[in-house]
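Read the structure below first, then the notes.
The values are calculated or read from the model by the stated rules, or taken from the named source; none is laboratory data. Note that the structure is predicted; figures quoted are calculated from it, not measured. Neighbour counts are summed over all protein chains in view; Cβ atoms, including those assigned to glycine, are modelled from backbone coordinates with ideal geometry. Quick note on the areas: whole protein, heavy atoms, side chains included, nothing else; ligands and nucleic acids left out. Shrake-Rupley method; radii C 1.70, N 1.55, O 1.52, S 1.80 Å.
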Amino acid sequence: LDSKMILKIEGVSKLFGSLQALHNVDLEVKQGEIFGIAGPNGAGKSTLFNVIAGAFPPTNGKIFFNDHDITSLKAHQICRLGLARTFQVPQTFPSLTVYDNIRVGITFGAGKKTGLKKSIEKTLDFLDLNDVSGMEAKNLDLYTTKLVMMAACLATDCKLLMLDEPLAGLSTSEINDFIKVIRHINEDGGTTILMIEHILDSLIDISNRMLI
């Protein structure tokens with residue numbers, strides 16, 4: 001592994017009124033690794049993702065991504081620097097086709113805005129979504145919906161992909177397939193992965209390092 005830190009979190013806390021969701025979190029993610037996060041419901045895992053991705057600011061602490069201080073940046077600014085995230089409940093544009101969901105990712109992401117068609121086709125090929133490219137997202141099964149959400153993230157040209165419980169709701173065979181896709185994104189796509197997951201066996205299997 002390249003020892004360069006792509007993500008560094010220093011003393012991050014988050015308060016919602018008197019509720020302390022995060023307390024003094026320190027975390028370093030190396031470029032090129034798969035880093036797993038596990039813990040019980042209510043431990044603050046998704047809050048940590050939300051703070052990193054700019055959905056809301058930390059109460060205290062600093063966040064650095066690829067040598068940029070992103071602590072006070074908005075979500076779209078952080079995305080354009082090369083950090084993308086998925087959601088526990090899959091988020092797609094349901095009335096848009098798979099093709100157009102990916103196009104949204106390219107349009108608002110970090111990548112070049114030239115050669116759009118080629119970039120979309122490359123993403124469809126990479127995640128084997130050509131057969132459903134013309135389908136509206138609302139008509140997809142859960143597994144494919146999760147793939148499309150990841151495809152839209154990859155289309156932003158992200159360097160770090162944050163996955164929030166990507167295996168939730170999937171069957172055993174789908175979990176095995178999805179883990180292969182995550183490895184493919186990491187090893188063949190060269191994308192660093194930060195992943196929250198409750199299915200511990202799978203998380204332990206795929207992660208280089210973990211935070212519990």
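Key figures
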quantity: In region 31-45, residue farthest from Thr59 (Cα to Cα) [restricted to those that are out of contact with any Asp or Glu (no Cβ under 7 Å at 6 or more places or on another chain) and not in a strand (DSSP E or B)]; calculated: Glu33
quantity: Lys118, sole failed condition from (1) under 30 Å from Ser13 (Cβ atoms); (2) in a helix (DSSP H, G or I); calculated: (1)
quantity: Subset of region 176-212 that is open to solvent by 20 Å² or more (accessible area, probe 1.4 Å) and among the hydrophobic types (A, V, I, L, M, F, W, C) - its residue that is farthest from Phe126 (Cα to Cα); calculated: Ile212
quantity: Given (1) in contact (Cβ under 8 Å) with a residue 40 or more places away in the chain; (2) open to solvent by 30 Å² or more (accessible area, probe 1.4 Å); (3) outside any helix (DSSP H, G or I), index of the condition Ser72 fails; calculated: (1)
quantity: Any pair with Cβ under 6 angstrom, 6 or more apart, that starts in region 119-136 at a residue that is within 18 Å of Ile182 (Cβ to Cβ) and modelled with pLDDT of 95 or more and ends at one that is of a type in the set (Val, Ile, Thr) and surrounded by 15 or more Cβ atoms within 10 Å (Cβ to Cβ); calculated: Leu129/Val98
quantity: Boolean, Ala38 is within 22 Å of Cys153 (Cβ to Cβ) and either open to solvent by less than 30 Å² (accessible area, probe 1.4 Å) or of a type in the set (A, V, I, L, M) (or both); calculated: yes
quantity: Hits in region 54-68 - residues which are within 23 Å of Glu187 (Cα to Cα) and open to solvent by less than 10 Å² (accessible area, probe 1.4 Å); calculated: Phe65
quantity: Residue within region 78-95 that is open to solvent by 40 Å² or more (accessible area, probe 1.4 Å), under 30 Å from Gly11 (Cα atoms) and aliphatic (A, V, I, L, M) present; calculated: yes
quantity: Search result, residues across region 12-30 that are part of a loop (DSSP other than H, G, I, E, B) and open to solvent by 90 Å² or more (accessible area, probe 1.4 Å); calculated: Ser18
quantity: Residue list for region 130-143, restricted to those being exposed (fewer than 12 other Cβ atoms within 10 Å of the Cβ) and part of a helix (DSSP H, G or I); calculated: Asp131, Lys138
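Okay, residues lined up against (1) under 18 Å from the mean Cα position of the chain (by Cα); (2) over 18 Å from Pro166 (Cβ atoms):
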{"site": "Gln31", "(1), (2)": "yes, yes"}
{"site": "Ile34", "(1), (2)": "yes, no"}
{"site": "Pro40", "(1), (2)": "no, yes"}
{"site": "Leu48", "(1), (2)": "yes, no"}
